[in-house]
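Presented below is the structure to which this report refers.
Each value in this text was obtained by applying a stated rule to the coordinates, not by laboratory testing. No experiment lies behind these values; they were computed from the predicted model shown. Methodologically, a virtual Cβ is constructed for each residue, glycine included, from the backbone with ideal geometry; neighbour enumeration extends over all protein chains shown.
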Amino acid sequence: MSTIRSRNSAIYGLFDNLLRGAAFGLAVLKRIHEARRSRAITQLLLTHDDRMLNDIGVSRSDVEQALSVRWDVDPATMLAEIRRRRMQAERQGLIQWRVH
């Protein structure tokens with residue numbers, strides 16, 4: 001009786017580990033897919049002229065910097081952080097960035 005329980009427990013443990021591994025693998029694949037999609041969309045910003053980029057609060061070099069992150073990092077998140085930091089510095093009077 002205890003041998004059967006022990007075997008069932010081992011099988012359930014193995015199955016549980018397989019499910020956890022599959023879930024982790026799917027999460028990694030999802031993250032990579034989202035980063036690639038975001039990279040393609042962020043890349044499209046480079047097709048806009050500098051005036052239009054200025055209107056949305058980023059520069060061409062900001063976009064290029066965001067696209068230079070590792071392949072598995074979301075460049076749109078990086079671009080948003082770059083923009084947020086610039087706006088914060090501008091509000092504090094540390095820089096004057098926008099051309100009005």
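Some points to look at:
- Farthest toward the positive end of the dipole of the chain, out of Gln92, Asn54, Gly25, is the Cα of Gly25, where the dipole comes from beta carbon charges about the Cα centre.
- When only the Cβ of Lys, Arg, Asp and Glu is charged (+1, +1, -1, -1), the dipole of the range 5-48 relative to its Cα centre reaches about 60 debye.
- Springs join every pair of Cα atoms under 10 Å in this Gaussian network model of the chain, and among Ser38, Ser59, Ser68 the largest mean-square fluctuation is at Ser68.
- Exposed loop sites are taken as chymotrypsin sites (Phe, Trp or Tyr not before Pro) in a DSSP loop (any state but H, G, I, E or B) with at most 13 other beta carbon atoms within 10 Å; the longest stretch of the chain without one runs 1-70.
- Estimated dipole of the chain in Debye, rounded to 20 [Cβ of Lys and Arg +1, of Asp and Glu -1, Cα centre]: 380
- Top of Gly57, Gly25, Gly13 by mean-square fluctuation, Gaussian network on the chain, Cα under 10 Å: Gly13
- Radius 11 Å from Cβ of Leu46, net charge of other residues (Lys, Arg +1; Asp, Glu -1): -3
- Annotation: the residues Thr47, Thr77, sorted from fewest to most other C-beta atoms within 10 Å of their own C-beta, follow the order Thr47, Thr77.
- Based on the Stokes-Einstein relation at 20 °C and a viscosity of 1.002 mPa s, and on the Kirkwood radius from alpha carbon pairs, the chain is assigned a translational diffusion coefficient of 127 µm²/s.
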